[in-house]
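See below for the structure under consideration.
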Amino acid sequence: MPSKNAKTVAKAAGAKSSASKAPAAKVVAKTAAKHPAAKTPAAKPAAAVKPVAAAAPKAAAKPVAPRVEEKKPLTQRQGFKTNEFVVYPAHGVGQILAIEEQEIAGARLELFVINFIKDKMTLRVPTAKVANVGMRKLSDPALVKKALETLKGRARVKRTMWSRRAQEYEAKINSGDIVAIAEVVRDLYRSESQPEQSYSERQLYEAALDRLSREIAVVQHSTETEAVKEIESQLAKSPRRGAKTEAEAGAEGDAEGDDLDAEGDDAAVEDEAA
């Protein structure tokens, strides 16, 4: 009998406890409904996991550029080569610095780059037009000797208007022919015992002397000053430059007077025509 009573007491205690739990749960539910913002105690956050460093991405392979063959600089065209001294008729002696290619008006052109040191000028000449412009190599020693011999000859002055003679002298200077340039120097040279040159004569004489001395200096591997001295020494050997007798001086004076008269007549005709 005592065991039955014990079971009855235990059942009664279990029922009470369940009954007490039920209203408590209801109270909690009502409270949550009235205060929705109320926070329930948060659970402890899990221990932070250290981020694993991502493996560095492999360097992208560089695109392989197509092989471009490097163009070697041109060093020779039309028989001319870089660093060579040449004669350009309109400017005299210059040096080829390079042979380059340029695109002009959609066309590819090869050009000689020529430097004229004394004139502080650089000129570009198409390689295909070398013959047209008259560009040439330096004169050989034999031709230089012939030019120096020309200086010792007698001056030849035509009895024509100075304007026409000046044009002829300019044409010879710009021809690039070393012998023709020597002829201009010979014809326009005036010694101390002769009348002074006019301004235009002096200009042409100096231009011809400059062209001639530059080429002689480069060919003979000397300075321009030394070349000018050699030219003047050759000019002094001309029969016209030496000591004159009174008869020769008188004859030359008459000849010069005739030239002046002829020039004066030509000038008068020009004035009348104007």
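Please treat every number below as a calculation from the coordinates, not as lab data. Small disclaimer: the values here were computed from a predicted structure and weren't measured. Cβ placement follows ideal geometry from the backbone for every residue including glycine, while neighbour counts extend to all protein chains displayed.
For region 153-170, backbone phi angles converted through the Karplus equation (6.51, -1.76, 1.60; θ = phi - 60°) give residue-by-residue couplings of x, 6, 5, 10, 10, 6, 8, 10, 4, 4, 4, 6, 5, 4, 5, 5, 5, 4 Hz, Gly and Pro being listed as x.
Given their separation in residues at 0.36 nm each and the Cα-Cα distance between them, ARG156 and ASN83 gain 22.5 nm when the chain is fully extended. Once the chain from LYS145 to ALA98 is taken as fully extended at 0.36 nm per residue, the excess over their C-alpha distance is 13.9 nm. For labels at GLU232 and ALA128 in the simple 7 Å Cα→Cβ model, what's the distance in nm? Going from the GLU232 label point to the ALA128 one covers 4.8 nm. In order along region 100-109, the phi-based Karplus estimate (6.51 cos²θ - 1.76 cosθ + 1.60, θ = phi - 60°) of 3J(HN,Hα) comes to 10, 10, 9, 9, 10, 6, x, 10, 7, 10 Hz; Gly and Pro are listed as x.
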